[in-house]
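Mind having a look at this structure? Questions to follow.
Quick note: the coordinates plus some simple rules give every number you see, no bench work behind them. As the structure is a computational prediction, the values presented were derived from the model and not from experiment. Neighbour counts are summed over all protein chains in view; Cβ atoms, including those assigned to glycine, are modelled from backbone coordinates with ideal geometry.
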């Protein structure tokens, strides 16, 4: 676990733990001090996380090339409560229950309009696999 994080907690800092798949077949627990959300961001206190078959695939090296970049955080499907918001985000979201899903899509192509967002015409992009997970989203 991270050095000095106990002292950070004693000073009132919030600390979070994540499972990081560092390379095929290798994972570790990583602690980090949470930061305040920046513009357009929300800090979410995560209550439950799911690890799906895709997470197992990246750990076992069964994911096709181009569908994963290491290191990555597993558990991209989650639920929680908005704890704080940054500039440009409505304050009314604080306290709201939310869920997270990793697929990034354009929301304008025919597939997205048909609610087939995993088949988005703009290409495959997924938070946690091909895009980094912002630390401000998990606490």
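Can you give the FRET efficiency to the nearest 0.05 for residue 110 and residue 57, using r as the Cβ-Cβ distance and R₀ = 25 Å?
Numbers: r = 28 Å, r/R0 = 1.13.
Between residue 110 and residue 57 the formula returns 0.35.
On to the next question. Checking the a/c ratio against 1.5 first, then a/b against b/c, what shape does the Cα gyration tensor give for the stretch 35-137?
Values: a/c = 2.03, a/b = 1.37, b/c = 1.48.
Oblate.
What order do you get for 16-26, 86-96 when each peptide is scored by the mean count of other beta carbon atoms within 10 Å, highest first?
Working: 16-26: 14.3, 86-96: 11.6.
The packing order, highest mean first, is 16-26, 86-96.
Provide the FRET efficiency to the nearest 0.05 for the residue 26-residue 124 pair, computing r from the beta carbons and using R0 = 35 Å.
Given R0 = 35 Å and the Cβ-Cβ separation, E is 0.90.
Can you give the extra length, in nm with one decimal, that the chain gains between residue 35 and residue 13 once fully stretched, where that is 0.36 nm per residue apart less the Cα-Cα distance?
Details: separation 22, 0.36 × 22 = 7.92 nm, distance 0.89 nm.
Result: 7.0 nm gained on full extension.
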